[in-house]
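In what follows, a structure is listed as structure tokens, so that the remarks can point back to it.
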Amino acid sequence: MNIHFIAIGGSAMHNLALALDHKGYQITGSDDVIFEPSKSRLDAKGLLPFEFGWFPEKIHADLDAIVLGMHAKSDNPELIKAQELGLTIYSYPEFLYEQSKDKTRVVIGGSHGKTTITSMILHVLDFHGREVDYMVGAQLDGFDRMVHLTEENDFIVLEGDEYLSSPIDRRPKFHLYKPNIALLSGIAWDHINVFPTFDNYVEQFRIFVDSIVNGGSITYNTEDVEVKKAVEASENAIRKFPYQTPAYTVEEGETLLETPEGPMPIAVFGEHNLSNLAGAKWICQNMGVDEDDFYEAIATFKGASKRLEKIAEGSSSIAYKDFAHSPSKVAATTKAVKQQYPNRKLVACLELHTYSSFNPEFLKEYKGALDAADEPVIFFLPESVAIKKLKEVTPQQIAEAFQRDDLKIFTDATSFHQFVKEQDYKNATLLLMSSGNYGGLDLNEVQHLMV
């Protein structure tokens, strides 16, 4: 097949392009800007556009399909040309469904935890040499790409994102996969720029549950009230498998999971990750992996990229970075790190830079999110607010939202970086949380701060 990607440089889009190239398809693409690592990875396979921009002349009748990325706009000149020619245009999730409609589709959904759970499942399957197709939202150790597609594999494991499918398809991605086996980990309001009310956001998960094929199954976290309500109220003819956080203990910075064979040390930690593990176990068992084999494999799982990733360690200090940015994720991550190192001072730094986090009403959702921190810190750039064409957010608004009298707030990168570098990290833990880059903070320098 001859496929053209409009906005090929995105994290998801370039991985799909690489997967289809590996499968033997002819791939072309365009984008107005492509950042690393997408740029180098596309270039290595000869898929990097010769020049950046949109070129309608790349669109012709010999193309079998167009894959349209969210980065493109509805008035994109290549998209308009494709529409004029009557070409088949897929969103990213539509194309994944097209590639997997004859497979058993395993879809992992939830406001939080879905990348980690998907990563755990893939790690366990890979550990035992079980080949599956997949799409996951993080780069995993031992995996060349974040997307893998074949003709022969029976299963495909898909991370089910609730964000929109494309500029011309406003449905959430996970509505399009029609899972045979599904999981729902948690529901906590996110993407306020798309789902302006909590009820509107929750409704997307109800639709997801109802999209599971007849006779399929949903594995769901009963400790999440909204998940429990959404699943148990569904009249879809599916099997329902509840799960909850398994028993565990923490001893001298090591988490021990209770198993039928006794306590087992694992590399991941925190209640949210233990809950994720319980969900992953159920899914693996539904895919034919028995409990003993799951435990053997999960003991070697070190985490998904950017999810509680250890970046530095000294004799009495340690530093982590995490993708957490929504209130529920920030609260869970901060609590997990404090629980793992209860006798160390926790310096928790959160960068605000998403649409939701700059909304005055949504900011109130952050109340208590940093309560587990000994030294709570917020960093944001007023320029980021301006770029998103949002109303000014003041430090006072942020302080009122988090309700910590000792909250430190930085609004310029230099001051924030100086604060991080001047802290005494003896018997301390540094936690950096953001889906951004902390104003260009050099994470390599953090290694030299640990003592």
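The values are calculated or read from the model by the stated rules, or taken from the named source; none is laboratory data. Small disclaimer: the values here were computed from a predicted structure and weren't measured. Backbone-built Cβ (ideal geometry, glycine too); neighbour counts: all protein chains shown.
What to note about this one:
- Scanning the range 399-435 for residues that are in contact with a Lys or Arg (Cβ under 6 Å, 6 or more places away or on another chain) and either surrounded by 21 or more Cβ atoms within 10 Å (Cβ to Cβ) or within 21 Å of residue 324 (Cβ to Cβ) (or both) returns 401, 403, 428, 429, 432.
- Taking each residue of the range 26-49 that is in contact (Cβ under 8 Å) with a residue 40 or more places away in the chain and looking for partners that are of a type in the set (Val, Ile, Thr) and surrounded by fewer than 16 Cβ atoms within 10 Å (Cβ to Cβ) with beta-carbon atoms closer than 7 Å, six or more apart or interchain, yields nothing.
- Selection from the range 366-398 of residues that are of a type in the set (Val, Ile, Thr) and either buried (at least 21 other Cβ atoms within 10 Å of the Cβ) or part of a helix (DSSP H, G or I) (or both): 377, 378, 385, 387, 398
- Restricting the first member to the range 1-19 and to residues that are touching a residue at least 24 places away in the same chain (Cβ under 8 Å) and closer than 11 Å to residue 67 by Cβ, and the second to residues that are among the small types (Gly, Ala, Ser) and assigned to a loop (DSSP other than H, G, I, E, B), the beta-carbon pairs closer than 7 Å and six or more apart or on different chains are 5/69; 6/69; 6/72; 7/69; 7/72; 10/69; 13/7; 13/69.
- Among the residues examined, residue 397 qualifies as touching a helix residue (DSSP H, G or I) at 6+ places or on another chain (Cβ under 7 Å) and among the polar types (S, T, N, Q).
- Taken over the range 123-152, the residue count meeting the criterion of being in a loop (DSSP other than H, G, I, E, B), closer than 12 Å to residue 287 by Cβ and either in contact with a Lys or Arg (Cβ under 7 Å, 6 or more places away or on another chain) or of a type in the set (Val, Ile, Thr) (or both) is 1.
- Of the residues making up the range 233-268, those that are surrounded by 13 or more Cβ atoms within 10 Å (Cβ to Cβ) and hydroxyl-bearing (Ser, Thr, Tyr) are 234, 243, 245, 248, 255, 259.
- Checklist (1) in a strand (DSSP E or B); (2) in contact (Cβ under 8 Å) with a residue 60 or more places away in the chain applied to residue 325, failing item: (1)
- Strands (runs of 3 or more DSSP E) fully within the range 222-301 counting 1 or more residues that are touching a Gly at 6+ places or on another chain (Cβ under 9 Å): 239-243, 254-259
- Output for the range 328-365, where each listed residue is among the hydroxyl-bearing types (Ser, Thr, Tyr), assigned to a helix (DSSP H, G or I) and either farther than 21 Å from residue 411 by Cα or modelled with pLDDT of 95 or more (or both): 328, 333, 334
Here's the yes/no breakdown for (1) within 21 Å of the chain's Cα centre (by Cα); (2) closer than 30 Å to residue 318 by Cβ:
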residue: 179; (1), (2): yes, no
residue: 183; (1), (2): yes, no
residue: 193; (1), (2): yes, no
residue: 211; (1), (2): no, no
residue: 246; (1), (2): no, yes
residue: 274; (1), (2): yes, yes
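- Flag if residue 434 is in contact (Cβ under 8 Å) with a residue 40 or more places away in the chain, among the small types (Gly, Ala, Ser) and farther than 25 Å from residue 313 by Cα: no
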